[in-house]
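Working notes for the structure below.
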Amino acid sequence: MSQSILRLDGVSKTFGGLKAVNNVSFEVERGAITALIGPNGAGKTTLINLITGVLPQTSGSIQMNGRDISRLGPAQRVRCGISRSYQTPQMIRGLSAIDNVVVGADLYSDFAMLDLFTRPWRVRRDNRAAQVAAHAALTQTGLPSSLWNNPADALSYGDQRRVEVARSLAQKPALLLLDEPAAGLNPTETEDLGRDLKRFAHDGLTVLLVEHDMSLIMSIADRIVVVNFGEMLAEGTPQEIQRNEAVIAAYLGADPLDTPALSSEATA
Ligand SMILES: Nc1ncnc2c1ncn2[C@@H]1O[C@H](COP(=O)(O)OP(=O)(O)O)[C@@H](O)[C@H]1O
Ligand SMILES: [Mg+2]
């Protein structure tokens, strides 16, 4: 099997007349952490949505483990090993942390998403496999077990983030997609997140994350893919990206509040 787990070939997505993603090709290396970066509006979230199958691409193809998944729906892609965590933790109110994760594990066993959110009590019944997967996933994220039975929506933001990630892990993915996982986290929580992601990758999971926190990216990413105005700008190691003239120009030309400088303490 090839080194890359995911491969995008000339992927494009247009919304009306807008080319949100334009002819993007890159590969995601198996077992590595790849960061997808670019200024706001560059097409990062759209790319994540194309990979998960939430949006159909306008043209191009996406392969997972050498199989063309371009025409598969989101649930089928989960079964191919692709799982994503949401930018804002989507806790189901009234459910404990553990039950919120069981919901994710249950999704793996073929529940419709709408069903889960409208009739969550269904997931608590007789699904030992989901319970076991949820326990393992929560343990992986490091959420203290004393919090597992607390209402998920009463947890701290950082802990809700863990539950959100655990829900994805419970689907036993080969590829975990995260859209801005550090957004809203304090520096300590961000460091914890970085350590968690490193550990996941060390244990064999492939991680593709969209992130703005440059010091986090520079300290954990093995590869970086840069997009700008929907197009590929560069691809390489953090060191290569930091030196890349096109990347520097794109970032210098952007609003510094949206796009933190590429320099980073973490790599100094
Ligand atoms: N569902 C949609 N309908 C129309 N335009 C969209 C939609 N989703 C994203 N866009 C547009 O596509 C471009 C890329 O957006 P997005 O992928 O969210 O960028 P990023 O995540 O890099 O900030 C933006 O111009 C955005 O306004
Ligand atoms: Mg986005």
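The values are calculated or read from the model by the stated rules, or taken from the named source; none is laboratory data. Because the structure is predicted, anything quoted here is derived from the model rather than measured. Don't worry about glycine lacking a Cβ; one is built from the backbone with ideal geometry, like all the others, and counts go over all protein chains shown.
Brief remarks follow.
- Looking across segment 211-233, just one residue is over 22 Å from Ser59 (Cβ atoms), touching a helix residue (DSSP H, G or I) at 6+ places or on another chain (Cβ under 7 Å) and assigned to a strand (DSSP E or B), and that is Ile224.
- The single condition from (1) touching a Lys or Arg at 6+ places or on another chain (Cβ under 8 Å); (2) at pLDDT 95 or above; (3) not in a loop (DSSP other than H, G, I, E, B) that Val101 fails is (2).
- The residues listed here are Arg167, Arg195, Arg199, Arg223; of these, the one that is of a type in the set (Lys, Arg) and either within 16 Å of ligand 2 (Cβ to nearest atom) or in contact with a strand residue (DSSP E or B) (Cβ under 6 Å, 6 or more places away or on another chain) (or both) is Arg223.
- Within segment 190-199, the set of residues being crowded, with 18+ Cβ neighbours inside 10 Å, closer than 17 Å to Gln140 by Cβ and not hydrophobic (A, V, I, L, M, F, W, C) comprises Gly194, Asp196.
- Selected residue (criterion: surrounded by the most Cβ atoms within 10 Å (Cβ to Cβ)) from residues of segment 1-45 that are in contact with a Ser or Thr (Cβ under 6 Å, 6 or more places away or on another chain) and of a type in the set (A, V, I, L, M): Val21
- For segment 46-93, the candidate set comprises residues that are in contact with a Pro (Cβ under 7 Å, 6 or more places away or on another chain) and in a loop (DSSP other than H, G, I, E, B); within that set, the residue that is modelled with the lowest pLDDT is Ile92.
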